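Take a look at the structure below.
The values are calculated or read from the model by the stated rules, or taken from the named source; none is laboratory data. Note that the structure is a prediction, hence the values are computed from the model and not measured. As a convention, Cβ positions derive from the backbone with ideal geometry for all residues, glycine included, and neighbour counts pool all protein chains shown.
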Amino acid sequence: MKTLGVILAMAFALLTSVVSAQEHVSSIHLGSRYEKIVERNGYWYLVGQWGLECWRFDEHKQFVKLSEVPTPGIAQWVALEGNYAYVADGWEGLTIVDVSNPHNLRFVSNFMPTPISFGALPGYFEHVAVKDHIVYLTGRYGIAVIDATAPQTPVQIDRIYYADTLYGVFMDEGNRVGMVVFHDSTMYVAYTGTPNWEKYPPGIYQYDISDPRDIRLERTYGDLPCAGKFLAIQDSALFVAGIWAMKAFRIASDSLIAKDSITDMTMITQLGDPEDISLSGNTLLLAGTGGKTSGGIANINVANLDSIYYVEIYETPVHFNCAAIADSTAIAGYFHYDLLLLDLMPDGTLDSTDFVKSAGNIQGLSLYADHLFVGDLSNGVLIYDVTDRVYPSLVSRIPIKSPISPTVLDGYLFVGSIGSGTMVYDVQSPADPVLTDSLPDSKRSGFCKWGDLIFMGTNDGVDIFDFSTAKLRFVGFSTAGGGHEMIIRDSILFSPGGAAKINSDTTLTFLSRIGSTMTGFDLVDSFYFASRGYFGLHIFNVANPSIPLYVTRWDTFTYANPPGDGRDVRVLGTTALLLDGDWGITEIDVANPLQPQFIKRITTPSSANGMCYDDRYFYVADFLGVEIFSYDFSTDTEVVDPPLPRSFTLYQNYPNPFNSQTVIAYDLPKPSDVDLSIFNSLGQRVKTLRVDAQTEGIHSYNWDGTSNSGKEVASGIYFYRLSANNINSTKKMILLR
């Protein structure tokens with residue numbers, strides 16, 4: 001019997017390519033929790049968790065995304081001036097984006113303001129305003145004043161402090177500055193409070209900013225019915241909104257004159273806590289959360305400052321983070337990543353016109369001719385040109401309902417769809433996909449090609465089609481294979497947890513089960529690498545597909561707290577990339593498949609669940625987007641010998657329980673006289689697997705459930721014992737016929 005160690009040694013020469021220096025290149029964002037919406041010249045700019053996006057209504061009045069750019073932090077707010085967008089980027093400070101071409105937003109720079117004191121954090125920045133290339137970045141601890149005349153190299157020129165630095169920095173939710181608005185050379189700031197209310201009471205602060213390097217406080221306004229956080233300004237009117245009410249002011253030459261307030265607690269309670277403000281003409285919108293329902297939009301008429309009033313509360317079952325109005329159109333961002341489009345009716349009320357599923361839910365990726373095909377359950381199949389990996393561009397969209405496993409094979413896109421069946425598109429011109437065939441059955445979720453045959457995985461097995469004429473002709477169905485992922489190697493069809501032989505008549509013959517409950521797998525030379533959810537990475541040797549041999553398991557419980565949820569795995573060179581629904585990507589060194597070694601973990605924004613790659617880049621489906629990484633792929637032809645074990649170890653057999661065969665492995669740190677035998681529950685020896693002298697190293701044997709006489713033994717509990725150099729180790733296993 002050939003040992004697993006010998007089989008592995010034969011394959012080590014093939015597993016010597018090295019993947020190194022992974023570097024994040026860019027992201028494709030298909031969804032976000034939006035925090036701010038700004039309209040300019042018919043383009044709508046939205047910021048959220050992942051960055052800045054630009055949207056527009058097309059000729060069919062569909063709201064479509066034109067371009068996007070990721071930001072280093074969690075984008076909170078955006079202000080526009082000239083060709084640039086200025087983003088308040090959470091803990092990452094200020095991010096500047098070139099918006100001169102709305103169809104191709106470009107990252108320019110990121111700037112982190114200096115901390116307010118030695119050893120302190122710079123602060124969390126939630127709002128931003130810009131006037132004459134001077135950026136006012138607000139949040140915890142005050143306002144950072146930044147000269148962005150040269151957008152590539154912004155410079156901080158001042159800081160307005162609102163933290164009590166005498167006793168240290170207060171990390172407190174109430175210690176923050178709200179919005180900033182301008183009127184000529186005057187800046188109005190909403191200040192929400194601090195632990196030191198006597199020193200810094202909440203209210204509106206008025207500053208002279210005629211010299212941004214010497215900003216002077218002119219006066220404060222504290223007689224408000226609310227702790228004002230949101231400001232809007234139009235002509236000579238200033239509106240201040242907070243959790244309890246809203247107040248209007250008329251701007252005089254050097255002061256604010258209070259006009260009217262809304263303090264109707266019934267309406268305020270319905271709205272809850274305001275999250276955003278937008279003003280256009282006579283209509284002011286407040287997006288709110290946490291009211292009697294879950295939230296809504298307060299629609300307020302401000303035509304007469306002496307008598308402002310609620311027109312309506314547009315209630316929703318989920319709350320809004322943001323809302324913007326321009327002319328007669330309003331757009332609001334839902335908490336759960338979607339957008340609501342509304343029209344302002346002649347009577348001043350809001351009417352819902354559309355609901356945009358802006359959030360992605362990616363269930364597959366495929367790469368063909370420098371184009372990435374993204375299966376998005378919310379938006380169909382999105383086709384991106386990734387010739388420029390830093391700035392991928394959307395070139396086409398196939399409006400398929402809930403696409404599953406989009407796969408491009410020799411210029412044809414095969415995709416399953418929940419409710420619409422299975423469709424085939426000619427994508428040899430990716431920007432102009434053409435439907436060529438379709439099938440009514442919607443259960444297919446995996447595709448692979450072998451000659452003129454197309455194999456499609458189903459819930460029950462695999463459908464086989466002839467595709468020699470670029471049309472699907474049904475050949476047969478088999479329960480011997482199938483699943484959401486399949487790989488064909490030397491006439492063997494591998495699928496999650498199994499292998500089958502493709503016969504000359506195109507039928508399938510089942511060969512073996514490979515482990516169980518696999519969530520994804522990859523095949524490299526003689527090795528089958530399988531992810532098993534929270535049970536880590538399992539490795540099998542499938543040199544003989546009829547008798548797969550268990551090699552080892554890399555356990556996420558050993559290297560993660562809490563462990564990760566492995567969704568799929570891809571092996572590049574000697575690095576296994578375990579796609580993790582909880583953490584992102586876990587890199588594992590599998591140069592020696594018997595001893596996988598943890599390398600590092602790459603955190604991605606959401607839940608990594610799929611991947612494809614070319615010779616320089618890999619693309620990760622991350623639920624709400626795609627993350628693009630570069631890597632170096634070099635080849636070393638030197639045979640890599642497995643490292644010698646450091647201790648005497650007898651491993652638990654696998655599988656256990658088993659019904660036909662199981663693998664027993666052990667390590668010898670030095671040459672030893674070995675006796676490996678199996679005993680029944682009465683202590684009687686039933687099988688001797690090995691009795692002789694062995695060299696140091698890793699050894700493994702397969703027991704097929706037979707005795708020394710060759711007869712099958714009965715179901716029950718058995719023990720296997722290893723004796724080597726006066727050291728004995730025994731473990732239990734269970735045979736189930």
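Please enumerate the residues belonging to the range 294-314 that are of a type in the set (A, V, I, L, M, F, W, C) and in a loop (DSSP other than H, G, I, E, B).
Of everything in the range 294-314, those that are of a type in the set (A, V, I, L, M, F, W, C) and in a loop (DSSP other than H, G, I, E, B) turn out to be 302, 303, 305, 308.
Would you confirm whether any residue within the range 624-631 is at pLDDT below 85, assigned to a loop (DSSP other than H, G, I, E, B) and of a type outside the set (Phe, Trp, Tyr)?
So far as the range 624-631 goes, yes, one or more of its residues are at pLDDT below 85, assigned to a loop (DSSP other than H, G, I, E, B) and of a type outside the set (Phe, Trp, Tyr).
Which pairs have Cβ atoms under 6 Å, sit 6 or more apart or on different chains, and link a residue in the range 719-730 that is on the phi > 0 side of the Ramachandran plot to one that is in a strand (DSSP E or B) and buried (at least 16 other Cβ atoms within 10 Å of the Cβ)?
725/672
In the list 73, 139, 168, 119, which residue meets the criterion of being at pLDDT below 90, under 28 Å from residue 53 (Cβ atoms), in the same structural domain as residue 213 (by TED's automatic domain parsing) and part of a loop (DSSP other than H, G, I, E, B)?
73
Is it true that residue 698 is touching a helix residue (DSSP H, G or I) at 6+ places or on another chain (Cβ under 6 Å), touching a residue at least 40 places away in the same chain (Cβ under 8 Å), on the phi < 0 side of the Ramachandran plot and of a type in the set (A, V, I, L, M, F, W, C)?
yes
Considering every residue within the range 647-654, establish whether at least one is small (Gly, Ala, Ser) and touching a residue at least 40 places away in the same chain (Cβ under 8 Å).
no
Since residue 430 meets every condition but one in (1) of a type outside the set (S, T, N, Q); (2) outside any loop (DSSP other than H, G, I, E, B); (3) within 21 Å of residue 371 (Cβ to Cβ), which condition does it not meet?
(2)
State yes or no: is residue 462 over 23 Å from residue 494 (Cβ atoms), β-branched (Val, Ile, Thr) and under 31 Å from the mean Cα position of the chain (by Cα)?
No.
Filter the range 695-722 for residues that are part of a strand (DSSP E or B) and over 50 Å from the mean Cα position of the chain (by Cα) and give the result.
Scanning the range 695-722 gives a single hit, 712.
Condition (residue is crowded, with 21+ Cβ neighbours inside 10 Å, of a type in the set (Val, Ile, Thr), at pLDDT 90 or above and in contact with a Lys or Arg (Cβ under 9 Å, 6 or more places away or on another chain)) applied to the range 377-399: is it met by at least one residue?
Yes, the range 377-399 contains at least one residue that is crowded, with 21+ Cβ neighbours inside 10 Å, of a type in the set (Val, Ile, Thr), at pLDDT 90 or above and in contact with a Lys or Arg (Cβ under 9 Å, 6 or more places away or on another chain).
So, in the range 81-109, how many residues would count as being surrounded by fewer than 17 Cβ atoms within 10 Å (Cβ to Cβ) and within 23 Å of the chain's Cα centre (by Cα)?
Qualifying residue count for the region: 3.
Looking at (1) within 20 Å of the chain's Cα centre (by Cα); (2) farther than 23 Å from residue 438 by Cα, can you tell me which one residue 370 breaks?
(1)
Condition check ((1) assigned by TED's automatic domain parsing to the domain that holds residue 569; (2) more than 17 Å from residue 623 (Cβ to Cβ); (3) in contact with a strand residue (DSSP E or B) (Cβ under 7 Å, 6 or more places away or on another chain); (4) free of Cβ contacts under 8 Å to residues at least 24 places away in the same chain) across all residues:
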residue: 371; (1), (2), (3), (4): no, yes, yes, no
residue: 375; (1), (2), (3), (4): no, no, yes, no
residue: 378; (1), (2), (3), (4): no, no, no, no
residue: 382; (1), (2), (3), (4): no, no, yes, no
residue: 387; (1), (2), (3), (4): no, yes, no, yes
residue: 392; (1), (2), (3), (4): no, yes, yes, no
residue: 405; (1), (2), (3), (4): no, no, yes, no
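Would you say residue 146 is out of contact with any Leu (no Cβ under 8 Å at 6 or more places or on another chain), under 21 Å from residue 207 (Cα atoms), modelled with pLDDT of 70 or more and assigned to a strand (DSSP E or B)?
no
Quick check, is residue 73 touching a Phe, Trp or Tyr at 6+ places or on another chain (Cβ under 6 Å), small (Gly, Ala, Ser) and closer than 19 Å to residue 31 by Cβ?
yes
Would a scan of the range 723-735 turn up a residue that is among the small types (Gly, Ala, Ser), part of a strand (DSSP E or B) and touching a Lys or Arg at 6+ places or on another chain (Cβ under 8 Å)? Outline the logic, then answer.
First pass over the range 723-735, keeping only residues among the small types (Gly, Ala, Ser): 723-724, 729.
Applying the additional criterion that residues be part of a strand (DSSP E or B) yields 723-724, 729.
Narrowing the set further to residues that are touching a Lys or Arg at 6+ places or on another chain (Cβ under 8 Å) leaves 729.
For the range 723-735, residues among the small types (Gly, Ala, Ser), part of a strand (DSSP E or B) and touching a Lys or Arg at 6+ places or on another chain (Cβ under 8 Å): present.
Does residue 415 count as within 26 Å of the chain's Cα centre (by Cα), surrounded by 15 or more Cβ atoms within 10 Å (Cβ to Cβ) and hydrophobic (A, V, I, L, M, F, W, C)?
yes
I want to confirm something. Restricting to the range 512-535 and keeping residues that are closer than 14 Å to residue 593 by Cα and in contact with a Leu (Cβ under 8 Å, 6 or more places away or on another chain), which single residue is surrounded by the fewest Cβ atoms within 10 Å (Cβ to Cβ)?
Ranking the qualifying residues of the range 512-535, first place goes to 525.
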